[in-house]
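Here's the structure we're looking at; comments come further down.
Every number here is computed from the coordinates shown, using simple stated rules; none is lab data. This structure is a prediction, so every number in the text was calculated from the model and none was measured. Here Cβ is always computed from backbone atoms with ideal geometry, including for glycine, and neighbour counts include all displayed protein chains.
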Amino acid sequence: MQPPDAVAGWDDDQNAELYARFTRDYPFYARTSRDLAARASLPEAQLVVDLCGGTGITAAIMLETLPPGARIVSIDAAKAMQAAGRRVHPDPRISWIVARAEDTALHIREPADAVVCNSAIWKTNTPAVFAAVKQALRPGGRFVFNIGGSFAGLPPAHSEPRSGPSLNELIIAVAAAEYGYPPTPHPRPPAPLTADIVRAQLGAAGFSVLDTETVTHIGTLQEKRAWLSIPVFARPPGQFTYEQRMEILERAYAQSDVSQPVTTAWLVVTAEA
């Protein structure tokens with residue numbers, strides 16, 4: 001079972017624009033993109049695939065490292081996300097292909113030097129994607145991706161003890177107190193893509209796993225609020241309109257300790273074809 005935001009809501013113009021704005025206004029995606037680019041050995045690459053590339057922030061960051069004349073193919077299943085990416089990053093070195101990650105090999109006409117996937121591999125059928133990426137890469141090419149801690153089975157990351165409830169907890173409290181929201185049990189999460197599972201799946205696809213590393217990213221509560229303003233991430237679930245969710249978010253944020261950092265853990269994987 002995939003999370004709801006993995007299968008719905010991405011091919012929406014408002015969602016794409018707000019997502020693109022988040023990638024411009026906050027440093028998370030730039031930091032994670034530079035980390036993945038450094039692991040992908042790009043200085044001599046000529047063709048790189050930005051898998052599940054969204055609005056193109058990772059592609060744009062990788063262009064900083066690639067040599068002159070190198071090209072990036074950005075593959076994403078959501079047409080709206082790529083349309084926003086074309087406007088934000090109109091670099092002729094980036095080609096945009098609307099396609100599922102599982103179909104990557106059908107759209108790469110020559111062997112790629114690297115495939116990079118930032119913050120999205122968990123949304124896919126990973127065994128099928130790993131097989132497709134292996135087919136698209138040249139021998140020795142790098143495949144680098146990261147997985148959010150909750151989807152990788154990592155324990156929660158905390159930089160210091162919290163001084164009060166989290167923003168997510170306050171959202172539920174406000175929704176219950178002011179909107180009569182009856183919290184329902186969370187849907188059963190997908191089986192975590194642990195490091196061991198990822199290694200086994202990559203090995204079955206013919207990859208050599210070079211490294212799996214857990215890293216942490218520290219952000220601000222303002223950044224978290226902006227993230228939860230993107231429609232696919234807006235909370236709480238249930239029969240609320242987007243406008244109602246934003247009202248709840250603002251009331252919850254007003255009760256939050258905005259000085260509290262937001263720390264997340266990520267599993268970063270580097271493999272070689």
query = Around residue 249, what is the net charge, scoring Lys/Arg as +1 and Asp/Glu as -1 over all other residues with Cβ under 14 Å from its Cβ?
reply = -1
inquiry  = Taking 0.36 nm per residue of sequence separation and subtracting the Cα-Cα distance, how much length would be gained by fully extending the chain between residue 138 and residue 232, in nm to one decimal?
reply    = 30.3 nm
inquiry  = Based on alpha-carbon centroids, what's the gap between the range 42-82 and the range 94-159 in Å, whole number please?
reply    = 12 Å
inquiry  = Can you sort 81, 246 from fewest to most other Cβ atoms within 10 Å of each residue's own Cβ?
reply    = 246, 81
key: Cβ-defined net charge surrounding residue 71, 15 Å radius [Lys, Arg +1; Asp, Glu -1]   = -3
key: Modelled FRET efficiency - R0 25 Å, residue 166 with residue 246, Cβ distances, 0.05 increments   = 0.85
inquiry  = Which log10 I(q)/I(0) values does the range 116-268 give at q = 0.09, 0.11, 0.18, 0.20 Å⁻¹ under the Debye formula, counting every alpha carbon as one identical point scatterer?
reply    = -0.39, -0.56, -1.10, -1.23
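Please order 138, 24 by the number of other Cβ within 10 Å, starting at the fewest.
24, 138
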message = Between residue 95 and residue 215, what is 0.36 nm times their sequence separation minus the Cα-Cα distance? Round to one decimal in nm.
response = 40.2 nm
query = How large is the charge dipole for the range 144-245, taken about the Cα centre, if only the Cβ atoms of Lys, Arg (+1) and Asp, Glu (-1) carry charge, to the nearest 20 debye?
reply = 200 debye
remark   = Eigenvalues of the alpha-carbon gyration tensor of the range 66-140, times 5 and square-rooted, give semi-axes in Å, largest first, of 20, 17, 10
query = Which of rounded, prolate, oblate describes the range 191-273, given a ≥ b ≥ c as roots of the alpha-carbon gyration tensor eigenvalues and a/c under 1.5 marking rounded, otherwise prolate only if a/b is larger than b/c?
reply = prolate
query = Nearest 20 debye, what's the magnitude of the dipole of the range 63-199 about its Cα centre given +1 on Lys and Arg Cβ and -1 on Asp and Glu Cβ?
reply = 440 debye
ask   = For the range 1-154, what is the convex hull (Cα atoms) projected area averaged across all directions, in square nanometres?
value = 8.6 nm²
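Sorted by packing (mean other beta-carbon atoms within 10 Å per residue), highest first, where do 213-222, 259-268 land? Write out the running numbers ahead of the final one.
Details: 213-222: 14.9, 259-268: 17.3.
Result, highest mean first: 259-268, 213-222.
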task = State, to one decimal in nm², a quarter of the convex hull surface area for the C-alpha atoms of the chain, i.e. the direction-averaged projected area.
result = 13.9 nm²
message = I want the local charge near residue 47. Using Cβ-Cβ distances under 13 Å, sum +1 for each Lys or Arg and -1 for each Asp or Glu among the other residues.
response = +1
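Quote the charge dipole size of the chain about the Cα centre in Debye, to the nearest 20; the model charges only the Cβ of Lys and Arg (+1) and of Asp and Glu (-1).
On the way: 24 positive and 28 negative charges, 63 e Å.
Rounded to the nearest 20 debye, it is 300 debye.
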